[in-house]
Amino acid sequence: MSNFNKQTGSSTEKAGISSPEITNASAISQIKNKRRQQPSVEELISGILSENRTALSRAITLVESTNPEHAEKANEVIKGCLPEANKSIRIGVTGVPGVGKSTFIEAFGKHLTTFGKKVAVLAVDPSSSLSHGSILGDKTRMEELVKDENAFIRPSASGETLGGVARKTRESIILCEAAGFDTIIIETVGVGQSETAVHNMVDFFLLLKISGAGDELQGIKRGIMEMADAIVINKADGDNIKKANLAKAEFNRALHLFPSKKSSWQPKVTTCSAITKDGISEVWKTISQYFEMTHENGFFKTKRKEQNQFWMMETIEEKLKSDFYSQPEIIAELEKIKKAVQNNEISPFAAAHLLLDKYKKI
């Protein structure tokens, strides 16, 4: 209880009367202890295989963690889920910012869930090179799909990873497959022609484009166009339908200039509107034709094997790089060498060899 002092304009508390505790100390302790409790490897694997979304989310968080203590546990979870993985189709969706990737994926995902497909969307958001922060707003943009019981959306930050994918997207795919999702969609940050990483983890690579934005000229260039299995002209609605059809014709002509794919598949160009849903079913029809053909000619299995080998090599390189920069001797020497390079006391190449020789002796 307190009295108000008119002269000082402040209140004073009466002696002998203390403010009641708003929160019970025991309750706080229980909450903290609960937060500290982490599910075991067995609990996570069991939860994922029983299609528990919470277990799946916690496992992906564990996999994405940069804490060295979590790496071993994450590997055990992946190992336990691996026998139940590789039973999905993996679709990569890319395109420049503003092309409508999230809106398209929501419309496409809803179309798939209507006939019983279980869809997992691994959306990668760009990280700031300055603050290293990321908005992770894909769940907000896919407000209908996020409520669908047959869909799971997981946004992740790209961090410093090149290629428009998160550092651990490959492992997240395995976890989603083990959780019963038969269609995995990976939305990249849309970094233009640096999409090799996502191309090497999906079965079908879909490139979204829009008409009337100078994008037609990009179709004549190689780069990302050679990786695309289909090009979809989005926002083909209203007054934009005519422009979209013209863009479709331009891209079709451009695709015929490229050499044949190893899959023997001829990439197709379609138009759609993620808003009106027109053309969405045709996109799925194209993807289905691709999978039917590549299963018949054996390319599907061959590509999966090549991708597994690629990601083994990528993991080795990542591990070596991480181990190199975490060595105390390297950390101590690196700053000195940097200054020497800046002052032209040693060449960058000689400095690199010096550090690598030191690392070999550790």
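With the requirement that a residue be out of contact with any strand residue (DSSP E or B) (no Cβ under 9 Å at 6 or more places or on another chain) and among the acidic types (Asp, Glu), what does segment 48-105 give you?
Within segment 48-105, Glu51, Glu69, Glu72, Glu76, Glu84 meet the criteria.
Which numbered condition in (1) in the same structural domain as Asp237 (by TED's automatic domain parsing); (2) within 19 Å of the chain's Cα centre (by Cα); (3) modelled with pLDDT under 95 is the only one that Ile89 fails?
Among (1) in the same structural domain as Asp237 (by TED's automatic domain parsing); (2) within 19 Å of the chain's Cα centre (by Cα); (3) modelled with pLDDT under 95, the lone unmet condition for Ile89 is (3).
Any residue at all in segment 270-287 that is crowded, with 17+ Cβ neighbours inside 10 Å, touching a strand residue (DSSP E or B) at 6+ places or on another chain (Cβ under 6 Å) and charged (D, E, K, R)?
No, that holds for no residue.
Restrict the check to segment 60-74 and report whether at least one residue is acidic (Asp, Glu) and either over 24 Å from Ala123 (Cβ atoms) or at pLDDT 95 or above (or both).
yes
Within segment 269-362, considering only helices (runs of 4 or more DSSP H) that don't extend past its boundaries, which have at least 3 residues that are under 30 Å from Thr66 (Cα atoms) and of a type in the set (D, E, K, R)?
Counting at least 3 such residues, we get 299-326, 328-342, 348-360.
Which condition breaks for Glu51 when tested against (1) within 30 Å of His295 (Cα to Cα); (2) in the same structural domain as Met142 (by TED's automatic domain parsing)?
(2)
Taking Glu292 as meeting all but one of (1) in contact with a Phe, Trp or Tyr (Cβ under 9 Å, 6 or more places away or on another chain); (2) assigned by TED's automatic domain parsing to the domain that holds Ala228; (3) surrounded by fewer than 12 Cβ atoms within 10 Å (Cβ to Cβ), write down the number of the exception.
Of everything listed in (1) in contact with a Phe, Trp or Tyr (Cβ under 9 Å, 6 or more places away or on another chain); (2) assigned by TED's automatic domain parsing to the domain that holds Ala228; (3) surrounded by fewer than 12 Cβ atoms within 10 Å (Cβ to Cβ), Glu292 misses just condition (1).
Restricting segment 280-319 to residues that are over 21 Å from Gln266 (Cβ atoms) and aliphatic (A, V, I, L, M), which is farthest from the chain's Cα centre (by Cα)?
In this case the residue turns out to be Ile280.
Which one is farthest from Thr188 (Cα to Cα) among residues in segment 205-238 that are β-branched (Val, Ile, Thr) and modelled with pLDDT under 90?
Filtering first and then ranking leaves Ile220.
The values are calculated or read from the model by the stated rules, or taken from the named source; none is laboratory data. Every value quoted in this text rests on a predicted model; they were computed, and no experiment measured them. Cβ coordinates were reconstructed from backbone atoms using ideal geometry, including for glycine residues, and neighbour counts include every protein chain displayed.
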